[in-house]
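To start, the structure under review is shown below, and the notes come after it.
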Amino acid sequence: MASEETPTMTQPPIRTASAPEAKTAPTRAWAVRLMIVGIVLAALNLRPAITSLGALLEEVRDGLGMSGSVAGLLTSVPPLCFAIFGVMAPRLARRFGPGAVVCAGMAAIAAGLVIRPFTGSTVGFLVASGLALMGIAVSNVLMPVIVKRWFPDRVGSMTGLYSMALALGTSLAAAVTVPMTDALGGNWKTGLAVWAALAVAAVVPWVPLVRERGAEGGTTAGTSQQDDGLRITRSRTAWALAVFFGLQATAAYITMGWMAQIFRDAGVSAGTAGLLLAVTMAMGVPLAFVIPRLATRLPSQGPIVVALGVCGLAGYAGLYLAPSGGAWAWAVLLGISNCAFPLALTMVGMRARTGTGVAKLSAFAQSTGYLISIPGPLLVGVLYQHSGGWGVPIALMAALMVPQIVVGVIAGRNRTVEDEAAPAGAV
């Protein structure tokens, strides 16, 4: 089997803009090891602010006197914030360096998580949540940039590592928030605030890296000139990847928001329905490590896109025909299908040659994608309410999988956004 260093599997390493920039990157072994720790800890913090709230949403509503509509708004805020704040990430990275922005992002997550339970008002809770989500948004965008900069010949392995950590943080917060809250005295405010400790821990490894300027870069004039020449919206690959990201995010949010209810309405007990959802989410932990490594070994990621899409179609067919009879099989199949997320992150790193290209592609694909994903869960709820069952919503989920496969195959072609979006005559 070919190695990850084979040119046909990954894009060439980042080309630095100038000699001075190259000299700023530390090569000491401690910095590399610390960067790996920093990436893993940062990834662990990219979802607990969301899934811990989901686990205690009823208690939060009662404690703050939220209306049902406001509580529903809370579930739509994360993708909206990811879309809005994610656009800012490349500009902030050029000004301060990607590592400094991620470090500040972890601090923003910690501050938001500490503040929001104790604001005493719905508005304060939303504002503090927005602060945490802003930190998550910029870190979402810049993680592929940092991986590309520090590990250009190990994009698949490192993307897999932080995707696995992200999936672990997601499922861990969903699983332990309620029992941990009970163990801490049953106060929902403490149960939400305790996750700030994980964010504080994530700040620690980034501080020495930023002080060494090893995690920064991208602040030279040469990088700014590259950015001036790259118009990401001219790239068909960038648009395909953005739509692919949006459709897979739509499927993931629908699954997280509604799958347990589908099983419960089919006669499955509440406890078992929760376990089925946990199985679906847990599938992302091992597969998030395997799929990116496999993706970098292929010149085109289309076959993986198709395989994941087929699993999704099979899972939806099972939910439609026999939701309770094969519930565990459908949960596993949909869990596999939801691993389109780490695949999309891997393709972000592979579809651009330079650090600037990765930053712009990551921001564009994620911001546009999260905007696309916002209506999906809401539309499923409306269809469920007006159709009186799950047949029509499940049909919609399956229908959305078809364009996801098509645009994923297009995004997986072996080409880069620089080739498509650079100005004429650019080198």
Of all residues in region 311-325, how many are free of Cβ contacts under 8 Å to residues at least 40 places away in the same chain and surrounded by 15 or more Cβ atoms within 10 Å (Cβ to Cβ)?
4
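From Val279, Val268, grab the single residue that is assigned to a loop (DSSP other than H, G, I, E, B), of a type in the set (A, V, I, L, M) and more than 22 Å from Leu161 (Cβ to Cβ). Give the steps one after another, and end with the answer.
Numbers: Val279 fails: assigned to a loop (DSSP other than H, G, I, E, B).
Of the residues listed, the single one that is assigned to a loop (DSSP other than H, G, I, E, B), of a type in the set (A, V, I, L, M) and more than 22 Å from Leu161 (Cβ to Cβ) is Val268.
Among the residues of region 164-194, count how many are under 22 Å from Pro292 (Cα atoms) and in contact with a Leu (Cβ under 6 Å, 6 or more places away or on another chain).
Just the residues of region 164-194 that are under 22 Å from Pro292 (Cα atoms), to begin with: 164-172.
Of the ones still in play, those that are also in contact with a Leu (Cβ under 6 Å, 6 or more places away or on another chain) are 165-166, 169.
Qualifying residue count for the region: 3.
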Suppose we keep only residues that are assigned to a loop (DSSP other than H, G, I, E, B) and either modelled with pLDDT of 85 or more or among the hydroxyl-bearing types (Ser, Thr, Tyr) (or both) within region 410-427. Which one would you say is nearest to Val243 (Cα to Cα)?
Gly412
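Taking the conditions exactly as written (under 27 Å from Asn338 (Cα atoms) and open to solvent by less than 10 Å² (accessible area, probe 1.4 Å)), does Phe151 satisfy them or not? I'd like the intermediate steps shown before the answer.
Values: under 27 Å from Asn338 (Cα atoms): yes; open to solvent by less than 10 Å² (accessible area, probe 1.4 Å): yes.
Against the criterion (under 27 Å from Asn338 (Cα atoms) and open to solvent by less than 10 Å² (accessible area, probe 1.4 Å)), Phe151 qualifies.
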Hey, does region 335-352 have a residue that's touching a residue at least 60 places away in the same chain (Cβ under 8 Å), within 19 Å of Ala395 (Cα to Cα) and among the hydroxyl-bearing types (Ser, Thr, Tyr)?
yes
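Residues in region 157-177: is at least one without any contact (Cβ under 8 Å) to a residue 40 or more places away in the chain and not β-branched (Val, Ile, Thr)?
If we filter region 157-177 for residues that are without any contact (Cβ under 8 Å) to a residue 40 or more places away in the chain, which is where we start, we get 176.
Cutting the leftovers down to not β-branched (Val, Ile, Thr) gives us none.
No, because not a single residue in region 157-177 is without any contact (Cβ under 8 Å) to a residue 40 or more places away in the chain and not β-branched (Val, Ile, Thr).
Here's a check for you: in region 282-300, which residue that is assigned to a helix (DSSP H, G or I) and more than 24 Å from Ile410 (Cα to Cα) is nearest to the chain's Cα centre (by Cα)?
Just the residues of region 282-300 that are assigned to a helix (DSSP H, G or I), to begin with: 282, 284-295.
Narrowing further to those that are more than 24 Å from Ile410 (Cα to Cα): 282, 285-286.
Details: Ala282: 15, Val285: 13, Pro286: 16 Å.
The extreme case among them is Val285.
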Would you call Gly388 out of contact with any Asp or Glu (no Cβ under 6 Å at 6 or more places or on another chain) and crowded, with 17+ Cβ neighbours inside 10 Å?
no
Please specify each residue of region 315-333 satisfying the condition of being out of contact with any Leu (no Cβ under 8 Å at 6 or more places or on another chain) and under 14 Å from Met281 (Cα atoms).
Ala329, Val332, Leu333
Do the conditions hold for Met106, that is, is it at pLDDT 85 or above and open to solvent by 10 Å² or more (accessible area, probe 1.4 Å)?
no
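Yes/no per residue for (1) at pLDDT below 90; (2) of a type in the set (Gly, Ala, Ser); (3) over 21 Å from Thr170 (Cβ atoms):
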site	(1), (2), (3)
Gly246	no, yes, no
Gly257	yes, yes, no
Ile262	yes, no, no
Val268	yes, no, yes
Thr272	yes, no, no
Show the residue pairs that are 6+ apart or on different chains and have beta-carbon atoms under 9 Å apart, the first residue being within region 378-390 and over 22 Å from Ala249 (Cα atoms), the second being modelled with pLDDT of 85 or more and open to solvent by less than 70 Å² (accessible area, probe 1.4 Å).
Ser387/Pro393
Counted residues in region 111-163 being more than 17 Å from the chain's Cα centre (by Cα) and within 22 Å of Arg94 (Cα to Cα) come to 5
Filtered residue count, region 169-198, keeping only those that are assigned to a helix (DSSP H, G or I), of a type in the set (Val, Ile, Thr) and surrounded by fewer than 21 Cβ atoms within 10 Å (Cβ to Cβ):
3
May I ask you to list the residues in region 118-139 that are open to solvent by less than 10 Å² (accessible area, probe 1.4 Å) and among the polar types (S, T, N, Q)?
Ser129, Ser139
Among the residues in region 411-418, are any open to solvent by 20 Å² or more (accessible area, probe 1.4 Å), of a type in the set (Lys, Arg) and on the phi < 0 side of the Ramachandran plot?
yes
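Filter region 301-325 for residues that are assigned to a loop (DSSP other than H, G, I, E, B) and out of contact with any helix residue (DSSP H, G or I) (no Cβ under 8 Å at 6 or more places or on another chain); which is nearest to Val402 (Cα to Cα)? Outline the logic, then answer.
Just the residues of region 301-325 that are assigned to a loop (DSSP other than H, G, I, E, B), to begin with: 301, 322-325.
Narrowing the set further to residues that are out of contact with any helix residue (DSSP H, G or I) (no Cβ under 8 Å at 6 or more places or on another chain) leaves 322, 325.
Details: Ala322: 22, Gly325: 25 Å.
Looking at the filtered set, the residue picked out is Ala322.
The values are calculated or read from the model by the stated rules, or taken from the named source; none is laboratory data. Predicted, not measured: the structure shown is a model, and the values here were computed from it. Because the Cβ atoms are built from the backbone with ideal geometry, glycine has one as well, and the counts that use them run over all protein chains shown. Surface accessibility is based on the protein's heavy atoms, side chains included, excluding ligands, DNA and RNA. Shrake-Rupley method; radii C 1.70, N 1.55, O 1.52, S 1.80 Å.
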